[in-house]
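Visitor: Have a look at this one before I ask anything.
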């Protein structure tokens, strides 16, 4: 399976909508180039471009952007209305709350809630009626839609801290790592995604022209993942500040940030920095503070700032400041600037 493929189980879920409305899907399947024989292989996948084509044609044919999920259809243009109702917000927090409130006006079958606690924002779906055969595809689609639209608004990838779903792990569970590149939990109470609440502070970057362009081809927001994360550098910096002693490899950092090592390196390069540069920046600040505000031995300061030994730390400190840490501390003491 590649990141450009979609589980055939989601095609099967759309076919349930055709059954509900008594419609024939053959023309839409043919136009998308999807072979019906694939439906007999539960672990099969179709190309995402094929899936987008089939999904759009199906929404138009059913005149239901929810594809049969709910007790009443969401007529064509419903999600465009949600977007227009929220994109004039100044920042993402207001926009996504408006989007969820507006969604709740369209259907009472599910209710969307946005909560914040201890720096974490969570978008959760409360099911008010049984969704039956539509359940998995419905819950996944709503959350991907909310994340995709939010990412588009702020022109940034949003890294999820975790994702949870109230059903057992499906045979195609590997696809969830592409749809929600984070820790995914099944058998939860509700479907939800959590993210750093700092994303909600980011300003909306779109205007009316961009909105019209997006709505003319909106489905990629549901299936594609943004590459650029505008919070990656500050998130990595904060991670290093709190975990410098244990977060030593790029692999560990990428995993904690919900991205790949390749994506981490690529974006840091685009931002004009690197893992090493950020580590040095954090280490310099921590070393200066510990030398200035504590009587800790140099050896302990070296360990606290992520160095394997005092010699390596002293060499790095001299490269940064042109003097040894012991000399720096002595000069602070002589100048009466040592706080401890």
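FYI, it's all coordinate maths here, none of it is from the lab. Fair warning: this is a prediction, and the values are worked out from it, not measured in the lab. Note: ideal-geometry Cβ built from the backbone for every residue, glycine included; neighbour counts use all protein chains shown.
Visitor: How would you order 157-165, 128-136, 81-89 from highest to lowest mean count of nearby Cβ atoms within 10 Å? Kindly include the intermediate steps, with their values, before the conclusion.
Guide: Details: 157-165: 21.4, 128-136: 14.8, 81-89: 18.3.
My ranking of the peptides, most packed first, is 157-165, 81-89, 128-136.
Visitor: Could you give the length gained on full extension between residue 81 and residue 115, defined as 0.36 nm per residue of separation minus the Cα-Cα distance, in nm? Kindly include the intermediate steps, with their values, before the conclusion.
Guide: Details: separation 34, 0.36 × 34 = 12.24 nm, distance 2.30 nm.
The residue 81-residue 115 span can extend by a further 9.9 nm.
Visitor: When the helix-only estimate is applied to the chain (DSSP H runs of n ≥ 4, each -39,500 (n - 2.57), divided by the residue count), what is the mean residue ellipticity at 222 nm, nearest 500 deg cm²/dmol? Please report the intermediate quantities before stating the final value.
Guide: Working: 16 runs with 174 residues, N = 340.
The helix contribution divided over the chain gives -15500 deg cm²/dmol.
Visitor: What is the Å³ per residue value for the convex hull set by the Cα atoms of segment 232-334? If you can, show how the numbers build up before the last one.
Guide: Numbers: hull volume 9.8 nm³, N = 103.
Expressed per residue, the convex hull around the Cα atoms of segment 232-334 is 95 Å³.
Visitor: Determine by what factor the alpha-carbon radius of gyration of the chain differs from 2.2 N^0.38 Å, reporting the quotient. Working shown, then result.
Guide: On the way: Rg = 24.9 Å, N = 340, 2.2 N^0.38 = 20.2 Å.
Expressed relative to 2.2 N^0.38 Å, the Cα Rg reads 1.24.
Visitor: Kindly provide the Kirkwood hydrodynamic radius of segment 1-89 in Å, to one decimal, from all pairs of distinct alpha carbon atoms.
Guide: Details: mean 1/r = 0.0723 Å⁻¹.
After inverting the pairwise mean of 1/r, the radius is 13.8 Å.
Visitor: What is the ratio of the Cα radius of gyration of segment 92-217 to 2.2 N^0.38 Å, where N is its residue count, to two decimals? Each step should come with its number before you reach the end.
Guide: Details: Rg = 14.6 Å, N = 126, 2.2 N^0.38 = 13.8 Å.
Compared with the compact-globule rule of thumb, segment 92-217 sits at 1.06.
Visitor: Using Cβ counts within 10 Å as a stand-in for footprinting exposure, how do 270, 65 rank, fewest first?
Guide: In order of increasing Cβ crowding within 10 Å: 270, 65.
Visitor: Based on the Kirkwood radius over alpha-carbon pairs, what value in µm²/s does the Stokes-Einstein equation return for the translational diffusion coefficient of segment 23-182 at 25 °C and 0.890 mPa s? Present the calculation step by step, with values, prior to reporting the outcome.
Guide: Values: Rh = 17.2 Å.
Roughly 143 µm²/s, to the nearest whole number.
Visitor: Can I ask one more? Mind sorting 103, 172 by how few other Cβ atoms lie within 10 Å of their own Cβ, fewest first? Before the final figure, lay out the partial values.
Guide: On the way: 103 22, 172 19.
So the ranking, lowest neighbour count to highest, is 172, 103.
Visitor: Sticking with this structure for a sec: Roughly how far apart, in whole Å, are the Cα centres of segment 6-78 and segment 117-146?
Guide: Distance between centres, Cα-based: 19 Å.
Visitor: Could you work out how far apart the two model spin labels at residue 271 and residue 178 are, taking each label as a point 7 Å from the Cα in the direction of the beta carbon, and quote it in nm?
Guide: Inter-label distance under the simple model: 2.7 nm.
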